Amino acid sequence: MTQKNSFEKALNRLEEIVSQLESGDLSLDESLKIFQEGIELSRFCTKKLSEAESKVKKLVKTGSGKFKLEDLEIEDKEE
Amino acid sequence: MEQIKIYTVSEITREVKALLELNLPTLWIEGEISNFIHHSSGHRYFTLKDENAQIKSVLWRDIGDFLRFEIEDGMKVVVYGNISVYEKQGQYQFYVEDILPAGLGKLELAFRQLKEKLFKEGLFEEEHKKPIPEFPQTIGIVTSPTGAAIQDMIHILHRRMPSVEIILNPVKVQGDGAAREIAQAIKDFNQLQNVDVIIVGRGGGSLEDLWAFNEEIVARAIYASEIPVVSAVGHEIDFTIADLVADLRAPTPSAAAELVVRDRREVVTQIKNLTQSLIEYQLSQIQEAKIRVKTAVESYGMKKPWDILTQKGQRIDELVKNMGWLVNQSVKNSKQNLANLMGKLNALSPLSILERGYSVCYKLPELKLVKDVDKLKLEDSVEVRLHKGKFKGKVERIEKNW
């Protein structure tokens, strides 16, 4: 699950960095450091967003409490 | 004679009233409406009856005005309230606090009772609700694999955030066993921990169709879920029990899909804006730093050391010059002194005295200068030195005075 929240963390950190820069309390050294971090985060976030098209799976029980994932095909009927 | 208690009519009526109220607290009654009167005062009066009995009933205006259906004669209803006595007419009556049409009434009743029970247990407490992750990577869906709901959700999730993964745990959403399947599906996701958020729902339907979402087993599964649960039962007006327990309620499956993921374009814009701000602030900071450096370089303070240096240099030049003069002077002085001293030395030299005709006498053999005749005896050997040469001799006579 940790890896799954990385995008959210990255975006939060990016926002934090911008507000830190806005506050102007940082030394030039510090600000250069976090600026670089910010640019890396921005790249990371953009890359994450443009990752492959989503997958749709179906959870199937195989008996004895085991599960497997199958590709989902939506049937168009009923209800 | 023994005292017999004689009641007044009012007294015994009050006794009866107290007995009824104490022994029959609020309760539900099912019956049919007759003699319905909507009085000009706003209160409603009717008789509740079945095949064998009837009860006069009163529905006060402040309750009656908010009913969602019209009461009419012949209607089968379930009423909630308490029995008391209308003293003026010596008549017991049912005071209605709530009234429901009978068929629907059973379900509504079950709904209300469960709602009351779960409310008391704290299942709807705000503080128990978990935050929905802002950027779920994988979304679990508990719904029918065949309805429009799943298609709508997949479509919207895809459109808004193409990178999101969807896992459907297919269930029956109505009919026998639906509630158990829904509850189990929520548990499955919690066991597998393979999704960031769960959407539980179905498209719209009648109260009976949606019933599974009002069952306790579903409510408890949602409450127990460690993964945040979004309810998505297509039922915009009323809340289901699932809605009340869920961490977030969406009015329809489509709405749930929209609530759960942010639109990618929106996020891309946000990142662009953040990056832009980042660059702008950094540029302005560098610019500011440049100006500070420039100002510092051009400041008096920065020039001062050079100034101090040239001034010191000048002073050194002066000192060197002075020193040369002083050295010269001192050499001159020394030469002069030396000449003077040599002159003095020369004047004092014994040789120069001898030159003027004096001589020096030494006693032998120790060659000791003699300045007094007392140091001499007759026959002592002496050496006498003159300006030029010396000679030896013997003392022949001693006289104290010249």
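How tilted is helix B:148-160 with respect to the longest principal axis of chain B? Cα atoms for both, answer in degrees (0 to 90, nearest 10). Once rounded, one gets 20 degrees. Among the GluC sites (Glu not before Pro) in the stretch B:243-348, those located in a DSSP loop and surrounded by at most 13 other Cβ atoms within 10 Å of their own Cβ are B:GLU298.
Averaged over the residues of B:163-175, the number of partner chain Cβ atoms lying within 10 Å of the residue Cβ comes to 4.
The calculated FRET efficiency for B:ARG315 paired with A:SER23, based on their beta-carbon distance and R0 = 56 Å, is about 0.65.
Hydrodynamic radius of the stretch B:9-121 by the Kirkwood approach over all distinct alpha-carbon pairs: 15.1 Å. Once the Cβ-Cβ distance of B:ASP62 and B:VAL293 is raised to the sixth power relative to R0 = 45 Å, the FRET efficiency obtained is 0.05.
Simple rule: put +1 on each Lys or Arg Cβ and -1 on each Asp or Glu Cβ in the protein assembly as shown, find the dipole, and look at B:ASN52, A:SER19, B:MET323; the Cα lying farthest toward the positive end is B:MET323. Summed over the residues of the protein assembly as shown and divided among them, the accessible surface reaches 64 Å² per residue at a probe radius of 1.4 Å.
Highest mean first, the peptides B:334-342, B:8-16 sorted by other C-beta atoms within 10 Å per residue fall in the order B:8-16, B:334-342. Scalar couplings 3J(HN,Hα) for the stretch B:170-180, obtained by applying the Karplus form with A = 6.51, B = -1.76, C = 1.60 to θ = phi - 60°, are x, 9, 7, 9, 8, x, 4, x, 4, 4, 5 Hz; x denotes Gly and Pro. Here each label is just a point 7 Å from Cα along the line to Cβ, and for A:PHE67 and B:GLN113 those points are 3.4 nm apart.
Counting 0.36 nm for each residue step from B:ASP50 to B:TYR300 and taking away their Cα separation leaves a gain of 79.2 nm. In the protein assembly as shown, helical runs assigned H by DSSP with n ≥ 4 each contribute -39500 (n - 2.57); averaged across all residues and rounded to the nearest 500, the mean residue ellipticity at 222 nm is -15000 deg cm²/dmol. Over the stretch B:355-394, the Kirkwood radius and the radius of gyration, each from Cα atoms, give a ratio Rg/Rh of 0.97.
Please give the Cα centre distance for the stretch B:49-66 versus the stretch B:277-316, rounded to the nearest Å. So the separation of the two Cα centres works out to 93 Å. Loop-located trypsin sites (Lys or Arg not before Pro) across the stretch B:342-384 with a Cβ neighbour count of 12 or fewer within 10 Å are B:ARG356, B:LYS371, B:LYS377, with loop assigned by DSSP. Loop-resident GluC sites (Glu not before Pro) (DSSP state other than H, G, I, E or B) in the stretch B:44-147 with no more than 15 further Cβ atoms inside 10 Å of their Cβ: B:GLU51, B:GLU70, B:GLU72, B:GLU125, B:GLU134.
Over 27 Å apart at the Cα level, from the set A:LYS68/B:LYS129; A:LYS57/B:LYS172; A:LYS58/B:LYS117, are A:LYS68/B:LYS129; A:LYS58/B:LYS117. The alpha-carbon of B:LYS388 sits under 15 angstrom from the alpha-carbons of these aspartates and glutamates, leaving out residues fewer than 8 places away in its chain: B:GLU355. Measuring max minus min along each principal axis, the C-alpha atoms of chain B give extents of 196, 84, 46 Å (largest first).
Across B:PHE111, B:PHE189, B:PHE66, mean-square fluctuation computed from a Gaussian network of chain B (C-alpha pairs under 10 Å connected) peaks at B:PHE66.
Across B:SER57, B:SER84, B:SER381, mean-square fluctuation computed from a Gaussian network of chain B (C-alpha pairs under 10 Å connected) peaks at B:SER381.
The values are calculated or read from the model by the stated rules, or taken from the named source; none is laboratory data. Remember, predicted model here, so these are calculated numbers, not experimental data. With ideal geometry, Cβ positions are generated from the backbone for all residues, glycine too; neighbour counts draw on all protein chains shown. The area values use the complete protein model at the heavy-atom level, side chains included, leaving out ligands, DNA and RNA. Shrake-Rupley method; radii C 1.70, N 1.55, O 1.52, S 1.80 Å.
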